[in-house]
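Step one of this worksheet: look at the structure below.
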Amino acid sequence: MDSEQLLAEIREANLTYLMLAQNLIRKDRAEALFRLGVSEEAADLLVMLSTAQLLKIASSNMLLCRFRVDDDLVWNLLTSHNVKKVDNTTTTQLHASILMAGKYAESMTAAH
Amino acid sequence: MATQKSILNESRDIERAISLIKLGARLQVLEYETSLSYERLLRLYKEVAGKSPSKGQLPFSTDWFLTWQPNIHASLFLNIHEYLSKTSELEEIDTVIKAFRLYTEQMTASAIEPLLSVTRAWRMVKFVDNGMLTLTKCSCCGGSFVTEPYENARQFVCGLCEPPARAGKGSAAGGLRLH
């Protein structure tokens with residue numbers, strides 16, 4: 001894949017992400033904060049972007065959406081990799097969901 | 001609470017009541033969370049659900065939330081609920097409704113039977129408000145799980161890191177399995 005094609009794919013992924021984020025926030029802000037895992041400030045900024053701004057921001061050589069799982073444990077649970085006592089995929093995924101749902105709530109209390 | 005007769009408030013109450021009925025809430029939840037009369041709620045219930053509401057008392061014990069499988073469901077719901085209530089300023093009942101929708105969505109996605117009913121979820125939030133249940137961090141995985149308030153946080157290990165001996169052996173379809 002040449003770099004021009006790579007850039008086009010990054011732009012497309014960015015655009016898809018930004019548009020989805022805007023749709024989610026407009027539909028239900030509270031739910032969107034949970035689904036996207038972004039801060040309230042980021043959500044307020046995202047929702048105000050015009051289409052022209054969206055296109056401009058999407059055209060970059062960097063991806064705008066960041067990996068949400070920043071924790072080895074959660075990643076191992078999601079992939080059912082390296083787990084000992086419970087190795088059922090559904091159950092380990094549920095465990096990962098509990099950990100992920102708990103994540104942001106904590107950092108918010110720490111920030112205030 | 002100010003009991004001003006406002007058409008706007010009433011319409012909001014009706015909308016909430018409809019959402020709750022659709023999620024399967026018991027009539028007691030509607031009575032508690034809206035200022036609509038019992039007779040109107042009963043009529044609304046029949047119109048929306050197409051049947052009479054089930055009778056009898058609400059489950060009143062905190063024990064259910066502490067048994068292995070229900071505890072995992074309850075913990076997921078409560079984590080979502082906390083997330084929403086910390087990031088958005090919603091009325092308490094709207095937080096419960098939204099969190100419950102997100103919880104059932106996750107259950108459908110993972111093809112697990114949603115053990116937690118909206119009535120139980122609502123009840124649990126009340127238990128937490130009254131200090132009868134709380135979230136305690138697991139000392140092994142760091143996740144927050146529903147426990148009794150006097151659980152020793154330093155030694156607490158959740159049911160997923162250290163499943164009890166009989167866990168995951170039930171034969172019910174859609175139940176959680178260990179292997």
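For the stretch A:14-112, give me every one of the helices (runs of 4 or more DSSP H) that falls completely inside it and has 3 or more residues that are at pLDDT 85 or above.
On the way: elements: A:29-36, A:40-48, A:51-58, A:72-78, A:89-111.
Ranges flagged: A:29-36, A:40-48, A:51-58, A:89-111.
Applying the condition of being touching a Leu at 6+ places or on another chain (Cβ under 7 Å) and of a type in the set (A, V, I, L, M) to the stretch A:78-98 and asking which residue is surrounded by the fewest Cβ atoms within 10 Å (Cβ to Cβ) yields A:VAL83. Restricting attention to the stretch B:54-69, the residues that are under 14 Å from B:GLU148 (Cα atoms) and touching a residue at least 24 places away in the same chain (Cβ under 8 Å) add up to 5. Against the conditions (1) of a type in the set (Gly, Ala, Ser); (2) within 21 Å of B:SER61 (Cβ to Cβ); (3) out of contact with any Gly (no Cβ under 8 Å at 6 or more places or on another chain), B:ALA153 satisfies every one except (2). Of all residues in the stretch B:76-88, none are more than 9 Å from chain A (Cβ to nearest Cβ), free of Cβ contacts under 8 Å to residues at least 12 places away in the same chain and hydroxyl-bearing (Ser, Thr, Tyr). Going through (1) surrounded by fewer than 17 Cβ atoms within 10 Å (Cβ to Cβ); (2) outside any loop (DSSP other than H, G, I, E, B) one by one, B:ARG120 falls short only on (1).
From the list B:ARG123, B:ARG154, B:ARG101, B:ARG166, which residue is charged (D, E, K, R) and under 15 Å from B:GLN69 (Cα atoms)? Talk me through it step by step, then tell me what you get.
On the way: B:ARG123 fails: under 15 Å from B:GLN69 (Cα atoms); B:ARG154 fails: under 15 Å from B:GLN69 (Cα atoms); B:ARG101 fails: under 15 Å from B:GLN69 (Cα atoms).
Exactly one of B:ARG123, B:ARG154, B:ARG101, B:ARG166 is charged (D, E, K, R) and under 15 Å from B:GLN69 (Cα atoms), namely B:ARG166.
Going residue by residue through the stretch B:122-143, is there one that turns out to be within 14 Å of another protein chain (Cβ to nearest Cβ), in contact (Cβ under 8 Å) with a residue 40 or more places away in the chain and closer than 19 Å to A:LEU78 by Cβ? Yes - at least one qualifying residue is present in the stretch B:122-143. The set of residues in the stretch B:135-164 that are in contact with a Phe, Trp or Tyr (Cβ under 9 Å, 6 or more places away or on another chain) and among the hydroxyl-bearing types (Ser, Thr, Tyr) comprises B:THR136, B:SER139, B:THR147.
Looking at the structure I just gave you, is B:VAL96 closer than 24 Å to A:PHE34 by Cα and without any contact (Cβ under 8 Å) to a residue 40 or more places away in the chain? So that I can check it myself, show each step before the final result.
Working: closer than 24 Å to A:PHE34 by Cα: yes; without any contact (Cβ under 8 Å) to a residue 40 or more places away in the chain: yes.
Judged against the criteria, B:VAL96 is a match.
State all residues of the stretch B:144-163 that are away from every other protein chain (no Cβ under 11 Å) and in contact (Cβ under 8 Å) with a residue 40 or more places away in the chain; if no residue qualifies, say none. Across the stretch B:144-163, the qualifying residues are B:THR147, B:GLU148.
The values are calculated or read from the model by the stated rules, or taken from the named source; none is laboratory data. Since we're looking at a predicted model, the values are computed, not measured. As a convention, Cβ positions derive from the backbone with ideal geometry for all residues, glycine included, and neighbour counts pool all protein chains shown.
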